[in-house]
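Here's the structure we're looking at; comments come further down.
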Amino acid sequence: MQKSPNPCINTGEFARLCNTNKRTLIYYDQIGLFRPAFTDANGYRYYSENQCDLFFTIRCLQEIGMPLQEIRGYIRHRSPDALRQLLEQQRQKVQQELLKLRRAQQMIDTKIGLVDLSRQSRVTGHIGSVGLETLPEEYLVVSPPINASGHDQVFSALCSHIGYCSRHHLNAGHSYGAMVSTGDLAREQWNRYAYFFTKVVDFPAGHPCHVKPAGEYAVTYLAGDYYNAAPAFRLLRDFLAQNQLRPGPYCYKEAVLDEVSCPDPSGYLTRISVLIEQ
């Protein structure tokens, strides 16, 4: 439909048409950003229907963070080529914001899932005991090998791992975890970490990754301080021995509830699991 060029819409009507208010239109006029099609001798502003697209574009650019001064500069010197260049630049910014929002949504979904997990009967029923669970395949971004229990070496490895994941935006809402070899589990060296890991949603191409296989796991849940895990590891070791089960190469120690949800370590909940090999 051909748009009418006649300036027949007053300020209030145009404001309602564009879902804005009169103050915004007056301010845009005052700074030279968006002027009415006509102003009569009494100072009343009138707009044309064909100005709606321009107004919507201005508001869209403003909503994605483009300063009004830059928008005004474009409006004063607009052309098809300038429009394309402007929109290409803003599209890149929108794509970056979408990535941030997707990461935020992943974090939110993960935290909700962990809270829900902590309330499941299969979890609460295995606090202080061991059960069998079928767990899915998971992707773990891992630190360089540690194979140590000394505080300085372990702390340095942890800081390096957290920093790496932060720089590469590899945190999907899971706290870092630790892998302990089942050889060290048998030797009661459960403070000797093989790797630190951070669980991610998608395969982290280009990053050091350990694929935790799908399968049946022996699982126990530790209530309380993450670092006082000896009783839970001992339960797991004894369960494997008593049931003559052959474990996979690693135990996985990971937080379900941590500082984010609980103000005191007494409320923490940690899952420790080991694959049962057939």
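Quick check on my filter: what residues within the range 182-218 are surrounded by 19 or more Cβ atoms within 10 Å (Cβ to Cβ), part of a strand (DSSP E or B) and more than 25 Å from the chain's Cα centre (by Cα)?
Tyr193, Tyr217, Ala218
Test Tyr221 against the criterion of being of a type in the set (Phe, Trp, Tyr), out of contact with any Lys or Arg (no Cβ under 8 Å at 6 or more places or on another chain), crowded, with 20+ Cβ neighbours inside 10 Å and in a strand (DSSP E or B), and give yes or no.
Working: of a type in the set (Phe, Trp, Tyr): yes; out of contact with any Lys or Arg (no Cβ under 8 Å at 6 or more places or on another chain): no; crowded, with 20+ Cβ neighbours inside 10 Å: yes; in a strand (DSSP E or B): yes.
No; evaluated as a whole, the condition is false for this residue.
Given Thr11, Thr20, which one is out of contact with any strand residue (DSSP E or B) (no Cβ under 7 Å at 6 or more places or on another chain), surrounded by 12 or more Cβ atoms within 10 Å (Cβ to Cβ), among the hydroxyl-bearing types (Ser, Thr, Tyr) and at pLDDT 90 or above?
Values: Thr11 fails: out of contact with any strand residue (DSSP E or B) (no Cβ under 7 Å at 6 or more places or on another chain).
Step by step, each of Thr11, Thr20 is checked, and only Thr20 is out of contact with any strand residue (DSSP E or B) (no Cβ under 7 Å at 6 or more places or on another chain), surrounded by 12 or more Cβ atoms within 10 Å (Cβ to Cβ), among the hydroxyl-bearing types (Ser, Thr, Tyr) and at pLDDT 90 or above.
Does Ala255 fit the bill of being aliphatic (A, V, I, L, M), out of contact with any helix residue (DSSP H, G or I) (no Cβ under 7 Å at 6 or more places or on another chain) and assigned to a strand (DSSP E or B)? Write out each step before concluding.
On the way: aliphatic (A, V, I, L, M): yes; out of contact with any helix residue (DSSP H, G or I) (no Cβ under 7 Å at 6 or more places or on another chain): yes; assigned to a strand (DSSP E or B): yes.
So Ala255 passes the test.
In the list Thr220, Thr198, which residue meets the criterion of being more than 30 Å from Arg103 (Cβ to Cβ), among the polar types (S, T, N, Q) and touching a His at 6+ places or on another chain (Cβ under 7 Å)? Show your work before the answer.
Values: Thr198 fails: more than 30 Å from Arg103 (Cβ to Cβ).
Result of the check over Thr220, Thr198: Thr220.
Applying the selection to the range 149-161, what residues are part of a helix (DSSP H, G or I) and surrounded by fewer than 16 Cβ atoms within 10 Å (Cβ to Cβ)?
So in the range 149-161, the residues part of a helix (DSSP H, G or I) come out as 151-161.
Residues satisfying the conditions are His151, Asp152, Gln153, Phe155, Ser156, Cys159, Ser160.
Residues of the range 104-119 being open to solvent by less than 70 Å² (accessible area, probe 1.4 Å) and not hydroxyl-bearing (Ser, Thr, Tyr), which ones?
Quick first cut of the range 104-119, residues open to solvent by less than 70 Å² (accessible area, probe 1.4 Å) only: 104, 106, 110-111, 113-115, 117-118.
Answer for the range 104-119, where residues must be open to solvent by less than 70 Å² (accessible area, probe 1.4 Å) and not hydroxyl-bearing (Ser, Thr, Tyr): Ala104, Gln106, Lys111, Gly113, Leu114, Val115, Leu117.
The values are calculated or read from the model by the stated rules, or taken from the named source; none is laboratory data. Treat the numbers as computed from the prediction; the structure is a model and nothing was measured. A quick note on method: Cβ atoms are made from the backbone with ideal geometry, for glycine too, and the neighbour counts reach across all protein chains shown. With ligands, DNA and RNA removed, areas are computed over all heavy atoms of the protein, side chains included. Shrake-Rupley method; radii C 1.70, N 1.55, O 1.52, S 1.80 Å.
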